[in-house]
1. Based on DSSP H runs of at least 4 residues, each adding -39500 (n - 2.57), what is the mean residue ellipticity at 222 nm of the chain after dividing by all its residues, to the nearest 500 deg cm²/dmol?
2. Ignoring trypsin sites (Lys or Arg not before Pro) that are buried or in helix or strand per DSSP, and keeping those with at most 15 other beta carbon atoms within 10 Å, what is the longest stretch of the chain between them?
3. Could you tell me the calculated FRET efficiency between GLN132 and GLU33, based on Cβ-Cβ distance and R0 = 35 angstrom, to the nearest 0.05?
4. From the phi angles alone, apply the Karplus equation (6.51, -1.76, 1.60; θ = phi - 60°) to region 57-64 and give each ³J(HN,Hα) in whole Hz, x where the residue is Gly or Pro.
5. Between rounded, prolate and oblate, where does region 112-180 land on the alpha carbon gyration tensor, with a ≥ b ≥ c its root eigenvalues, rounded for a/c under 1.5, else prolate if a/b exceeds b/c?
6. Tally the DSSP beta bridges in the chain and give the antiparallel ones as a percent, rounded to 5.
7. Taking N as the number of residues in region 3-184, what value does Rg over Cα atoms divided by 2.2 N^0.38 Å take?
8. Between region 100-142 and region 14-89, how far is it from one alpha carbon centroid to the other, in angstrom?
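Just so it is clear, none of the values below were taken in a lab; they were calculated from the coordinates. Only a predicted model underlies this, so the values are computations on that prediction, with no experimental measurement involved. Every residue, glycine as well, gets a Cβ built from its backbone with ideal geometry; the counts of neighbours run over all protein chains shown.
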Amino acid sequence: MKAVTVLSAHTAKTMWKHKNALKVLCIEGFSNENGNTKALLDEFLREYKNAEIIKYNTYKESPKPCYGCGFCKENEKCVYSDLQNFFILFETADIIIVASPIYNLSFPAPLKALIDRLQPYYESYYKYGKIQKIKKRREAYFLAAAGCDGEKAFNIMRRQLKNAFSITNIEYKGDKLLANTDNIKESTKGENDG
Ligand SMILES: Cc1cc2nc3c(=O)[nH]c(=O)nc-3n(C[C@H](O)[C@H](O)[C@H](O)COP(=O)(O)O)c2cc1C
């Protein structure tokens, strides 16, 4: 049994349907459906033939950015409700796969917005003396595509994810970088070092 569900933009009510299947949540940071990141993710997902897979595409869902309003400091939840369903999926998945292109040494803006929106978990973690709000321990993998060498950016992004995972009860299990996708000739390379 393989079930792939793609959440529809803004109306995400999708929930896990197969009780006993491994639950894989793909957090997609790419917009290009024929691009390298998608190809990398597809290849990685071949390992999960019998899993239930839900894909959350950050470009389609367009999560609001964090406004730093401080609401979650007092209330341990976000003042905005657009991610309510996402958070349930995020808390109940078994495996989380983050698949992203590298943009300016980091994540594209919609995925960065989603990562920033994990702030309520951060606030709760420190308020209660480093107790995880999410009780279920999950595992995560990080996949990235880079136009250039990508190694520096990949390290920065890995650090960002590890920080976020540390306050959301996730074990960072591994990653894969697909580099030099833009096939830029050495002689025409500019100042971009990432
Ligand atoms: C706005 C933008 C910024 C980028 N910044 C970087 C960068 O800092 N380092 C890098 O190696 N590639 C960079 N790239 C190249 C992409 O990472 C590369 O083309 C990647 O394969 C895109 O993913 P996709 O094929 O899934 O669309 C950038 C591309 C864009 C559009």
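1. -9000 deg cm²/dmol, from helical runs alone.
2. Maximal segment without exposed cleavage sites: 50-129.
3. Efficiency computed from Cβ-Cβ geometry: 0.50.
4. Running phi through 6.51 cos²θ - 1.76 cosθ + 1.60 with θ = phi - 60° gives 8, 5, 6, 6, 7, 6, x, 4 Hz.
5. prolate
6. Of the beta bridges lying entirely in the chain, close to 5 percent run antiparallel.
7. 1.00
8. Each part reduced to its Cα centre gives a spacing of 12 Å.
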